[in-house]
Amino acid sequence: MIKVGIIGATGYAGGELVRLLMGHKEVEIKWYGSRSYIDKEYAEVYRNFFTIVEDICKDDNMDELAGQVDVIFTATPQGFLASVISEEILNKVKIIDLSADFRLKDVSVYEQWYKIEHKAPQFIEEAVYGLCEINREDIKKARLIANPGCYTTCSILTAYPLVKEGLIDTDTLIIDAKSGTSGAGRGAKLPNLYCEVNENIKAYGVASHRHTPEIEEQLGYAAGKEVVLNFTPHLVPMNRGILVTEYATLHKVKRADGSESLPTYEEIKAVYDKYYGEEYFVRVLKKGECPETKWVEGSNFVDIGYVIDERTGRIIMMGALDNLVKGAAGQAVQNMNLLFGLEENEGLKLAPMFP
């Protein structure tokens, strides 16, 4: 059995980790860490675990925890892991971090966008960006995994094959994204109150959202050059879900007769199939179908669709996922499975919930 510790177990992502790991046949949760609820029964914090989890919440002592488990999940605010991580800890245990502390390779970019000093830049280069469908082999060998964010996972996976194959002009890439309120975490915040969110949709972090450089960095690796794009997130009145709509100009393809034309639907489909045809968790939809958040809710699936606009020479790419599962906890479990040589979908074979 893989012994697991969770720090930040009482946040939304932490609670989702517990839910998923309770159904994982190879896992035993040894530590429910929560600075806010020390010595309180976990099932009192989340009553859905009544009679299922009998443990109490402990503190966030990484040094003590590292000696008791095989892997630690840190579902914590930005800056926590960087402030406590050490070589001694990493020599004892693998860490999967759900914050942004080790996602960006340039420490100055991290400090610019997150407005905090990075306390452990010496581990940035070693950390592996845990987007399993792209970095699978590197993840298997890692000690420290930087679990991607929800907006970034959906945004990157939706565009990645076309960026990698050079089929779109990345200088024209625009990403419009929408998220349910759980993406903001469980903390009490005025903008997330029911009366503030209900019957409303709003853009936020316009031209300044901190997931922007993460998307740019990862798509830049795919493109083999710097990528600069517009990313605009929106908050919508639902519990879960991410929907991204991405726009980019298509590069024309040279034909056998010397002419040039836009790639066809079938040619684009062949590219998506090249990258995702064997992927369990990425579902490329049929022609004419658009992703919807309700069809991925509660699951680790990503649904992707696209439409070619012949009139403008652009492609509209769409992706949907559950921000707490594939966008956080599910992806973290997927990373754990890779780290320990398990089937990648172990504990994650959950059909989406509906209604």
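Since every read-out is calculated from the coordinates, none of them should be taken as a lab result. Keep in mind it's a predicted model, so treat the numbers as computed, not measured. Glycine also receives a Cβ, built like all others from the backbone with ideal geometry; neighbour counts cover every protein chain displayed.
Of note:
- Counted over the chain, the DSSP beta bridges are approximately 50% antiparallel.
- If only the Cβ of Lys and Arg carry +1 and only the Cβ of Asp and Glu carry -1, the dipole of the chain around its Cα centre is close to 480 debye.
- Based on C-alpha pairs under 8 angstrom that are at least 6 apart in sequence, segment 2-126 has a relative contact order of 23 percent.
- Residue of 116, 29, 139 that the Gaussian network model of the chain assigns the largest fluctuation, springs spanning Cα pairs under 10 Å: 116
- Temperature 37 °C, viscosity 0.692 mPa s: under these conditions the Stokes-Einstein estimate for segment 1-64, based on its Kirkwood radius over C-alpha pairs, is 283 µm² per second.
- In summary, the chain shows an alpha-carbon radius of gyration equal to 0.99 times the 2.2 N^0.38 Å reference for compact globular proteins.
- Those aspartates and glutamates that a straight Cα-Cα span of less than 20 Å connects to residue 254, excepting residues fewer than 8 apart in one chain: 165, 169, 266, 267, 309, 310
- Within segment 2-126, the ratio Rg/Rh, alpha carbon atoms throughout and Rh by Kirkwood, equals 0.99.
- Full-stretch length increase - residue 312, residue 141 - with 0.36 nm per residue and alpha-carbon distance subtracted: 57.1 nm
- Segment 47-103 and segment 189-233 have Cα centres lying 27 Å from one another.
- Rg/Rh for segment 151-323 stands at 1.00; both radii use Cα atoms, and Rh follows the Kirkwood definition.
- Reachable lysines from residue 94, criterion Cα separation under 16 angstrom, eight or more residues apart if same chain: 3, 30, 140, 141
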